[in-house]
Amino acid sequence: MGEPRTLAHRYRLAERTGEPATWLAHDHEADRTVVLTRVAAGDVTARLAATVRTLTGLTAPTLLPPIDLLHDDGTWVVRDHVDAVPLPEHPCADERELARIGAAAAGALVAAHGAGIVHGDVRAEHVLVRPDGSALLAGFATAPPDLAPDAAHPAPELTSGRPAGPAADVYALGTALAEELARTGLTASDRLAATLHTMRAEFPDARPTAWAAQRRLAAIADPESPPRGSRTSHGTTVASAPDNTVAIDSPAIGPAAGTANLIDARPGRAQEEQGVRQQGSGGSDPRMAGPGHQPSWIAAPPTGPAPAGLGRPVPGEPPRKRSKAWLVALLATIAAITVVTGAVLVAKPVVTIAGTAAAPPGTTPPPPSLLGEVSTADPCSFVDADALARLGRTTLLDDLGSPASCTVGIERDTDRGFVTATIAAKKLMPPAGRPTPTGELIVYRATEYHRSCERTIVLPDEHRIEIYSGAGTNDTSFPVCDAAEAATEDALEVLTSGAVRHRELGPPRTSLLSVRACDVIDPAALSSVPSLRDLRERGYNDWSCRYGADPAFPTGARVLVNFTRYSNLEGGNGLFTLDGRSANTFPSATGSPVCEAAVAQRSFTSASGMQRLEVLSVQVALATDQPGASPAMACQKATDLVRSAIPRLPPVR
């Protein structure tokens, strides 16, 4: 049977277009030219209708949505006709024009993916270029992913029967652009070649999101675009609009007990982190909220005078604007991950075998690091509050947790989350996720798991930038991988453009940063930890140290020593005095033989005017097969190690 001349008594077919199964037609009711595409809707007509309704409501400037769905001798998707030609008929002048067109197409995918819509068949014929050079992406709703259509550029995962997802759209767009590059004979720069290679990575998790691809292509198209955000001289982001920032009223953060088991959620890290972790119930902790602004779901903090040296508002400090409850919850989540893992987020120890020591005499010195002067690199270089503001209102937290880390909190109308960037040294264990070369860098992208997402950038000198994104308590909709990917793109741009900022450390003689974490524990005390292997890894700038980190013995005992910054040490088993210093222990809430002992070193006022507490944290995980192993035994061992360290710490004034 031939194609009908008029469909639904309204659309008169005219001529075929360059798109598959597509005709130009005249809509006699509206007296306009439209484009009709015949689709194999099968038994998913209702779902297709819902997709069309969703797309019709989108207002993305580079997305050409359908305007109607009709059934007349088949199922047809209708869209407006625009004065444009398919990309294969448009001669691109150079790679920058191709990148600009690709960025426009990626922008359409950003809008669609944000609405839960997968294109399913991105191809060059669906990329339309207007006479003014602007571009649109068409073809939406014409290839329902669950029908496994004969896509022009099927991603590798589709061959195994998996339905098309957002990553398949990114793969198809990258392939279409690469083919156009080859067809036109344009010369691709290393940056464009690397971008297209990443978009066409074999594994979906290794590909950037559509938004990340759009940003990278746009940067290639316009390398002179303005910087992502302005910063003050001390590294604090100044938001581009007043509503992008949230005032902070001395939020508290400290080691957490009874926290969510997020370390088990980190793909590929089960063996590495088998040692020190805390498997809790996901509850919250009173130490997470500063005086006067804890939310209702946080228990009331202990009453009475605060122990000396613990985090309280600075006497005489003028009142500050109240923080929002979301930020308190955010800090609780960050702190929960911080302590239980010893290797995740704010206070995670960044371990290395040899640290950043100079090359031995007679050997060739290593090439200069992309970090510049490694010891003074500012981790806030790699997490940009302005760039992350597309996800919500942002707050920079640069004075909590490990001094090797920087965190941005993100609040949205319905949920909240955070992104942390950490500078790490070489490690024994490989990063989580699939590796993707990006120039001289390697990016590892792990899958989303338990409301968290991780990216790791490995530099040529084997230092790492670790990007970790997590959702707030009970916030299941926060886009953790979008946030992690956005921060990763920022970090890659900073590294490749030589824009790493540096800071003056100059710690006072009373600071823990004036000593080395691997030197503070008495070896005799370490030998009392059963089954602890004689293997030590030094962290970035010697601010952390890991003992027993042997990949061949993942169930053996582990000890992690961290220098970190909190607001208080409340909670846990209760405050006590250890050789004249405030201390506390924080056992596992689930009975695992894991415990942290923490002792206060000094109180100080941060750059943001908040009172903070510098803390020595020692975390012990007993071997899983250790007879009689329990949280109490782990706490005793951790306390013994902290006690042995106190004589080696800087003096307290």
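Which of (1) surrounded by 16 or more Cβ atoms within 10 Å (Cβ to Cβ); (2) within 16 Å of the chain's Cα centre (by Cα); (3) at pLDDT 75 or above is the odd one out, the single condition LYS348 does not satisfy?
(3)
This table checks each residue for (1) touching a residue at least 24 places away in the same chain (Cβ under 8 Å); (2) not polar (S, T, N, Q).
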| residue | (1), (2) |
| --- | --- |
| GLU448 | yes, yes |
| ARG464 | yes, yes |
| ALA471 | yes, yes |
| ASP490 | yes, yes |
| SER497 | no, no |
| ARG503 | yes, yes |
| THR510 | yes, no |
| ILE521 | yes, yes |
| SER527 | no, no |
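May I ask you to list the residues in region 453-471 that are among the charged types (D, E, K, R) and modelled with pLDDT of 90 or more?
Within region 453-471, GLU454, ARG455, ARG464, GLU466 qualify.
I need the helices (runs of 4 or more DSSP H) fully contained in region 158-239, keeping only those with at least 1 residues that are surrounded by fewer than 16 Cβ atoms within 10 Å (Cβ to Cβ) and modelled with pLDDT of 85 or more.
Of the helices (runs of 4 or more DSSP H) lying wholly inside region 158-239, those with at least 1 residues that are surrounded by fewer than 16 Cβ atoms within 10 Å (Cβ to Cβ) and modelled with pLDDT of 85 or more span 166-184, 190-199.
Yes/no per residue for (1) of a type in the set (Ser, Thr, Tyr); (2) part of a strand (DSSP E or B); (3) over 25 Å from ALA389 (Cβ atoms):
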{"site": "GLU466", "(1), (2), (3)": "no, yes, no"}
{"site": "ASN474", "(1), (2), (3)": "no, no, no"}
{"site": "ALA491", "(1), (2), (3)": "no, no, no"}
{"site": "PRO530", "(1), (2), (3)": "no, no, yes"}
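Would you point out which residue out of THR142, THR75 is under 30 Å from HIS9 (Cα atoms), assigned by TED's automatic domain parsing to the domain that holds PRO204 and among the hydroxyl-bearing types (Ser, Thr, Tyr)?
The match here is THR142.
Taking PRO650 and the conditions (1) assigned to a strand (DSSP E or B); (2) in contact with a Ser or Thr (Cβ under 9 Å, 6 or more places away or on another chain), which numbered condition does it fall short on, given that it satisfies the others?
Of the numbered conditions (1) assigned to a strand (DSSP E or B); (2) in contact with a Ser or Thr (Cβ under 9 Å, 6 or more places away or on another chain), the odd one out for PRO650 is (1).
Just the residues that are out of contact with any helix residue (DSSP H, G or I) (no Cβ under 6 Å at 6 or more places or on another chain) and free of Cβ contacts under 8 Å to residues at least 60 places away in the same chain, please, taken from region 175-222.
The answer is THR175, GLU179, ALA182, GLY185, ALA193.
Where residues in region 566-601 are of a type in the set (D, E, K, R) and at negative phi, which of them is surrounded by the most Cβ atoms within 10 Å (Cβ to Cβ)?
GLU596
Return only the number of the condition from (1) of a type in the set (Ser, Thr, Tyr); (2) in contact with a strand residue (DSSP E or B) (Cβ under 7 Å, 6 or more places away or on another chain); (3) farther than 19 Å from GLU15 by Cα that THR51 does not satisfy.
All conditions pass for THR51, except number (2).
Quick test of your reading of the structure: CYS453 fulfils all but one of (1) free of Cβ contacts under 8 Å to residues at least 40 places away in the same chain; (2) over 18 Å from the mean Cα position of the chain (by Cα); (3) crowded, with 21+ Cβ neighbours inside 10 Å. Name the failing condition by number.
(2)
The values are calculated or read from the model by the stated rules, or taken from the named source; none is laboratory data. Worth saying up front: this structure is predicted, and the values here are computed from it rather than measured. Quick reminder, even Gly has a Cβ in these numbers, built from the backbone with ideal geometry, and neighbours come from all protein chains shown.
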